[in-house]
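K.L.:
Before I ask anything, let me first share the structure, which is written out below as structure tokens.
The values are calculated or read from the model by the stated rules, or taken from the named source; none is laboratory data. The shown structure was predicted, so the numbers you read here are calculated from the model rather than taken from an experiment. Cβ placement follows ideal geometry from the backbone for every residue including glycine, while neighbour counts extend to all protein chains displayed.
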Amino acid sequence: MTLLDERPLTTSTGPTARGLLRRNRAAIGLVLTLLAALGLLAVITGGGRSGELDPDAYDPTGAHALATLLRDRGVTVQRTTDVPSTEAAATDRTTVFVPLPQLLSDEELGALSALPGNLVVADAGPQVLAGLQRDLQVTGTSSVAALVPGCAVAVARNAGKAQLGGFSYQPGTPGTVGCYATSDGPTLLSLPDANLMLVGSSELFTNGHLATQGDAALAVGLLGQSSRLLWLVPATDRQVLGTRPVTSPDDLLPDWVTSARTQLFVAMGVLALWRARRLGRVVPEPLPVVVRAAETAEGRGRLYRAAGARGTAAEALRGGTRDRLSLKVGAGRNPEPPALCALVAARTGRAAAEVEVLLYGPSPADDATLVRLADDLDALIREVAGS
């Protein structure tokens, strides 16, 4: 019978590896490209520390090149990460360089302004000037461009034209000398009485700008005034001397977090638009093939055989036989077992007990018994039909 077809099973309805790869090839390609880019970035930047204006950083915004130039000229460059350690190492023969003053509190800036020796502060805006407690004003800001010294300060005169800009200042005390002026005022301010140098922009000291114009000569001249340089790069976990007022949670986060968050939201929106599906009306489609009814029976038989469900298969055969016999002997729908067995026995001449075993007997113990039961049920139907 077709119920126990011995042909091997070759149909699979589950997803295959090839199908999954084909459907998700775009996403897989994107992930592989991202991993390759991250690997390339790791190789490029793997030569050292990364960090803005860090003397040990090799990336364009770092300052390793300037630190190397200073060491070649006999200047000892010491990297510090907080104000207390800088205060402990400062003497009248040291220069303290503060490239990121906006990361310091007013108390920390005040402590630095009181140190002995020379102090160079880059990117000094209005809030930084207030923390340094200097009678100075910011008169404007400008983009970085090539400027001429225009002053008598030896360091600036020796360096010549350099890339400066950023904050411009208005001198507030006698003896203050301004250099590299824009239309708003000088962008480099020398306060000899206080041993203080203010630089309007910190780009002068970075690896990416050091080879432009006289930037290297000016940076080395500003930071090489003493035989020892204390380069302050504030650590995020340092012990802060006072705090600035916090008006929102964003004030506690680095600047790059806001930019990264915005880019992430944009990427999520683009991904949602790419993967979105517009729902339209239901479109009926004709079946590609016509399926024979016998294939359903064959498929069910294969499932019974794979699961070893002989009892279920036998009950399906018996149920179908009972329905056909009920119509042929006039027993009606869903007859009682004794009544159906009696009518079938009367039509075939078999004993009612024998008919009951065939129609309501126990489950077959093996495949051979199931096949024999199917043959016996076929023979019983033929006997009733021929009577």
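K.L.:
Please state which of the following conditions Val270 fails to meet, knowing it meets all the rest: (1) β-branched (Val, Ile, Thr); (2) assigned to a loop (DSSP other than H, G, I, E, B); (3) under 30 Å from Leu30 (Cβ atoms).
P.N.:
Exception for Val270: condition (2).
K.L.:
Could you list, in sequence order, the residues of the stretch 351-376 that are free of Cβ contacts under 8 Å to residues at least 24 places away in the same chain and over 14 Å from Ala313 (Cα atoms)?
P.N.:
Ala351, Ala352, Ala353, Glu354, Glu356, Val357, Asp376
K.L.:
Write out, first by first residue and then by second, each pair whose Cβ atoms fall under 9 Å of each other, whose residues are 6+ apart or on separate chains, and whose first residue, in the stretch 140-162, is closer than 19 Å to Leu223 by Cα and assigned by TED's automatic domain parsing to the domain that holds Pro192 while the second is of a type in the set (Asp, Glu) and assigned to a helix (DSSP H, G or I).
P.N.:
As it stands, the answer is Ala159/Asp215; Ala162/Asp215, since those pairs meet every condition given.
K.L.:
Could you list, in sequence order, the residues of the stretch 159-196 that are farther than 20 Å from Leu119 by Cα and of a type outside the set (Asp, Glu)?
P.N.:
Gly160, Lys161, Ala162, Gln163, Ala181, Thr182, Ser183, Gly185
One line per residue, one yes/no per condition, for (1) more than 23 Å from Ala63 (Cα to Cα); (2) surrounded by 19 or more Cβ atoms within 10 Å (Cβ to Cβ); (3) in contact with a Ser or Thr (Cβ under 8 Å, 6 or more places away or on another chain); (4) at pLDDT below 90:
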{"residue": "Val177", "(1), (2), (3), (4)": "yes, no, yes, no"}
{"residue": "Thr187", "(1), (2), (3), (4)": "no, yes, yes, no"}
{"residue": "Asp193", "(1), (2), (3), (4)": "yes, no, yes, yes"}
{"residue": "Met197", "(1), (2), (3), (4)": "no, yes, yes, no"}
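K.L.:
Which members of the stretch 285-326 meet the condition of being over 25 Å from Asp366 (Cβ atoms) and modelled with pLDDT under 90?
P.N.:
First, pick out the residues of the stretch 285-326 that are over 25 Å from Asp366 (Cβ atoms): 285-296, 323-326.
Answer for the stretch 285-326, where residues must be over 25 Å from Asp366 (Cβ atoms) and modelled with pLDDT under 90: Glu285, Pro286, Leu287, Pro288, Val289, Val290, Val291, Arg292, Ala293, Ala294, Glu295, Thr296.
K.L.:
Test of understanding: among Ala331, Ala313, Ala294, Ala339, which residue is touching a residue at least 12 places away in the same chain (Cβ under 8 Å), surrounded by 13 or more Cβ atoms within 10 Å (Cβ to Cβ), part of a helix (DSSP H, G or I) and not basic (Lys, Arg)?
P.N.:
Residue meeting the stated conditions: Ala313.
K.L.:
Then there's this: Please state which one of Gly74, Gly110 is over 20 Å from Ser226 (Cβ atoms) and either at pLDDT 90 or above or in contact with a Gly (Cβ under 8 Å, 6 or more places away or on another chain) (or both). Break it down stepwise before answering.
P.N.:
Working: Gly74 fails: over 20 Å from Ser226 (Cβ atoms).
Within the list Gly74, Gly110, the selection yields Gly110.
K.L.:
Within the stretch 88-123, can you find the residues that are surrounded by 18 or more Cβ atoms within 10 Å (Cβ to Cβ) and of a type in the set (Asp, Glu)?
P.N.:
Glu108, Asp123
K.L.:
Do any helices (runs of 4 or more DSSP H) entirely within the stretch 71-185 hold 1 or more residues that are among the basic types (Lys, Arg) and touching a strand residue (DSSP E or B) at 6+ places or on another chain (Cβ under 9 Å), and if so, which?
P.N.:
Qualifying helices (runs of 4 or more DSSP H): 154-159.
K.L.:
Shifting gears a bit: In this structure, is Val98 assigned by TED's automatic domain parsing to the domain that holds Asn207 and within 36 Å of the chain's Cα centre (by Cα)?
P.N.:
So Val98 fits the description; yes.
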